[in-house]
Amino acid sequence: MKRIAIIDDNAKERFVVKGLIEECGFTVVAEGSNGEEAVEICREKSPDLVIMDVNMPVKDGVSAASEISRDCPVPVVLLTARGDEDTVKRAAEAGVMGYLMKPVRLEDLMPAVELALTRFEEFEALRKENRDLKNAMHARKSIEKAKGILMERDKLSENSAFSRIRKISMDKRKTMAEIAEVIIMAFEG
């Protein structure tokens with residue numbers, strides 16, 4: 001069951017949205033009335049999704065969504081009474097996953113929540129893949145550099161240098177990249 005936080009400075013709106021969320025079969029784990037509270041709720045409660053008003057005191061929904069996206073990534077669906085182009089653009093730049101017009105209707109809520117959750121999962125998978133690729137490229141560069149050091153220092157062929165790094169890696173139960181970094185530090189420093 002998905003855990004949802006509702007952030008809106010209007011208690012009546014929160015009450016209505018909470019009822020709709022529960023009717024959809026989700027659980028409301030926290031409620032707040034401003035963007036600052038939204039960020040704190042995300043840090044402390046780790047909801048699966050945040051439904052948040054755009055216009056609130058202390059910190060507006062778009063600013064809060066941007067901070068949430070950066071510090072404690074959670075999908076955000078924004079609520080607004082009007083869909084002006086500037087707000088929609090700011091929301092997209094802040095990493096918002098969905099947008100709902102007030103008054104929220106049951107038939108709009110479920111698809112918005114499901115779409116936001118799905119898009120967020122896809123985005124997180126891409127972010128992980130990107131991070132993994134960067135790590136693999138860095139590891140490859142380190143291994144190539146360490147091979148070059150061993151080839152020059154010990155007059156080894158490329159295959160022999162690679163085999164030596166691989167053997168040390170297996171013997172020490174460390175990754176080849178970790179062994180390569182040690183070789184680089186030891187012979188370049």
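The values are calculated or read from the model by the stated rules, or taken from the named source; none is laboratory data. Just so we're clear, the structure is a prediction, and the values are computed from it rather than from any experiment. Don't worry about glycine lacking a Cβ; one is built from the backbone with ideal geometry, like all the others, and counts go over all protein chains shown. For accessibility, only protein heavy atoms count, side chains too; no ligands or nucleic acids. Shrake-Rupley method; radii C 1.70, N 1.55, O 1.52, S 1.80 Å.
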Legend entry - Hits in segment 42-70 - residues which are small (Gly, Ala, Ser) and either without any contact (Cβ under 8 Å) to a residue 24 or more places away in the chain or farther than 17 Å from Glu13 by Cβ (or both): Ser46, Ser63, Ala65, Ser66, Ser69
Inset, instruction - May I ask you to list pairs of residues, at least six apart or on different chains, whose Cβ atoms are under 7 Å apart, with the first in segment 101-112 being over 15 Å from Lys18 (Cβ atoms) and the second being open to solvent by 40 Å² or more (accessible area, probe 1.4 Å)? - result: Met101/Gly83
Legend entry - Single residue of Glu107, Glu158 found to be acidic (Asp, Glu), open to solvent by 70 Å² or more (accessible area, probe 1.4 Å) and within 28 Å of the chain's Cα centre (by Cα): Glu107
Legend entry - Checklist (1) within 19 Å of Pro103 (Cα to Cα); (2) open to solvent by 20 Å² or more (accessible area, probe 1.4 Å) applied to Met52, failing item: (2)
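Condition first: open to solvent by less than 90 Å² (accessible area, probe 1.4 Å), touching a residue at least 40 places away in the same chain (Cβ under 8 Å) and over 30 Å from Asn10 (Cβ atoms). Can you find one or more residues in segment 125-140 that meet it?
Applying the first criterion (open to solvent by less than 90 Å² (accessible area, probe 1.4 Å)) to segment 125-140 yields 125, 127, 130, 132, 136, 139.
Narrowing further to those that are touching a residue at least 40 places away in the same chain (Cβ under 8 Å): 139.
The next check asks that each one be over 30 Å from Asn10 (Cβ atoms); those that pass are 139.
Within segment 125-140 (the criterion being open to solvent by less than 90 Å² (accessible area, probe 1.4 Å), touching a residue at least 40 places away in the same chain (Cβ under 8 Å) and over 30 Å from Asn10 (Cβ atoms)), the answer is yes, since at least one residue qualifies.
Only one of Asp84, Asp8 is open to solvent by 10 Å² or more (accessible area, probe 1.4 Å) and either of a type outside the set (S, T, N, Q) or in contact with a Leu (Cβ under 7 Å, 6 or more places away or on another chain) (or both); which? Break it down into steps so the answer makes sense when it comes.
On the way: Asp8 fails: open to solvent by 10 Å² or more (accessible area, probe 1.4 Å).
Of the residues listed, the single one that is open to solvent by 10 Å² or more (accessible area, probe 1.4 Å) and either of a type outside the set (S, T, N, Q) or in contact with a Leu (Cβ under 7 Å, 6 or more places away or on another chain) (or both) is Asp84.
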